[in-house]
1. For the stretch 344-416, what does the equivalent ellipsoid look like in terms of its semi-axes, each the square root of 5 times an eigenvalue of the Cα gyration tensor, given largest first in whole Å?
2. Hey, any idea what Rg/Rh is for the stretch 153-278, computing Rh the Kirkwood way over Cα pairs?
3. Just want to confirm a number: the relative contact order over the stretch 66-151, from Cα pairs under 8 angstrom separated by 6+ residues, in percent.
4. Sorted from largest down, what three extents in whole angstroms do the Cα atoms of the stretch 247-286 have along their principal axes?
5. Tell me, what is a quarter of the convex hull surface for the C-alpha atoms of the stretch 261-404, in nm² with one decimal?
6. Just THR321, THR275, THR92 to compare: in a GNM of the chain, with alpha carbon springs under 10 Å, which one fluctuates most?
7. At 1.4 Å probe size, with every protein chain present, just tell me what the per residue accessible area of the chain comes to in Å².
8. How large is the convex hull of the Cα atoms of the chain per residue, expressed in Å³ as a whole number?
Amino acid sequence: MKSIAEIAAQLQGYDPQALNADLVNLFLAQLVEPVRETEEVGVFDALGRVLAQDLVSPISVPPHDNSAMDGYAFNGSQLGADSPLTLKIVGTALAGRPWQGDVAAGQCVKIMTGAIMPRGLDTVVPQELAALRNAEISFPPNLVRPGDNRRLKGEDLQQGRMALPGGERLLPAATGLVASLGLKTVRVRRKLRVAYFSTGDEILSPGEALREGAVYDSNRYTVFGLLSRLGCEVIDMGVVRDEPALLEAALSEAAQRADAIITSGGVSVGEADYTRATMKKLGDVAFWRIAMRPGRPMAVGRVGNALLFGLPGNPVAVMVTFLAFVCPALLRMMGARPSPLPLLKARSQEAMRKKPGRTEYQRGIVTQMQDGRLSVYGTGNQGSGVLSSMVQANGLIVLHHAQGNVAAGEEVDVMMFEGVV
Ligand code: AMP
Ligand code: MG
């Protein structure tokens, strides 16, 4: 395990006082290691979990050639270019009830979707293309080619081949695929345990009486939501006041119980914030000023064996730093292959002021234009405390480090977050 100082020393351009946002993820990639323990879980419980090892297909899917249509199965070598084909129906094949008999030239079998192709037959004419009369069908030439409307054995998954790579996050399509192999259980990495608390003397929990100078805690709720969507086991540690003894107790307990700790508030250089001092005392922690907006102050390191993310206090900054940095780091810890949220191109409906030398994440509303392209406009007030703008937004406009002002009509990158976490 590398120390903060070792990672910092190896990172080109590392400046903790004005850290390029792109370097944060490079740094975290070095700091984070995947949890090792695995467990076998039922397929329903595997949703959102990370596959611990490559999954090799024990069977082929589908397990035999079968019909893709309701129609009539026959041997396609009889198809000619000029004359209609007439075939006598000699049996019926249903899904789950195969036709076992032999089918000679000039004969066919009525077949339903999913039914096994009878021996020697390779082609299906859909029922709507065939005229039926007296247990015979006929259909014109050039409608069907040999092999049409037949699904081949193993065309989805082949026995002995890799069905899913280790590190795959098992989303609904993947759990369905696991089940399609007939597997009742699957080996996944154990869930990540993440403890979180908010800090600050002014922070009230919902239900407490509002007093002058105080604000209700929102960060614990957004962080809870983000972590739950990621599939972490959450440990809610409440609000911790700005008192060294309380902060120390909370951090030590969190480090005992969790793989990762997420705090919010107290990491900027405010006077009454003891959070930084306590983190420094208990762990190996870097305090950064990231060249970004919103966000800026952030602490990262280890307390005991737990990874620590000390996020800023402002509610939007918490969500943005989570999406940009914490989420990829936690995915890595969960053993998932890192897959950053894709950036899409959208046309900015308005001009935006932007200073080169920092990364800005503006809350945006992305819509599709008549011509199918994407268009984006800001949610208005981009203050880092304006949580309502995060509710309105469906993505973040990412204005990169070196980028300057944006003209109306110019294309910008957007990171869609709706439904992602
Ligand atoms: P700090 O980083 O502690 O200086 O906090 C920055 C700003 O975020 C202050 O205005 C705090 O009141 C506010 N803030 C900090 N924590 C929370 C929280 N859990 N919920 C809502 N606002 C918060
Ligand atoms: Mg504070």
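1. 18, 16, 10
2. Rg/Rh: 1.20.
3. Averaging sequence separation for qualifying contacts and normalising by length gives 42 percent for the stretch 66-151.
4. Between the extreme Cα coordinates on each principal axis of the stretch 247-286 lie 29, 18, 17 Å.
5. 10.1 nm²
6. Ranking THR321, THR275, THR92 by mean-square fluctuation puts THR92 first.
7. About 48 Å² of surface per residue is accessible.
8. Convex hull volume per residue, Cα atoms: 210 Å³.
The values are calculated or read from the model by the stated rules, or taken from the named source; none is laboratory data. This structure is a prediction, so every number in the text was calculated from the model and none was measured. No Cβ is skipped: glycine too gets one built from the backbone with ideal geometry, and neighbour counts run over all protein chains shown. Only protein heavy atoms, including side chains, enter the accessible area calculation; ligands, DNA and RNA are left aside. Shrake-Rupley method; radii C 1.70, N 1.55, O 1.52, S 1.80 Å.
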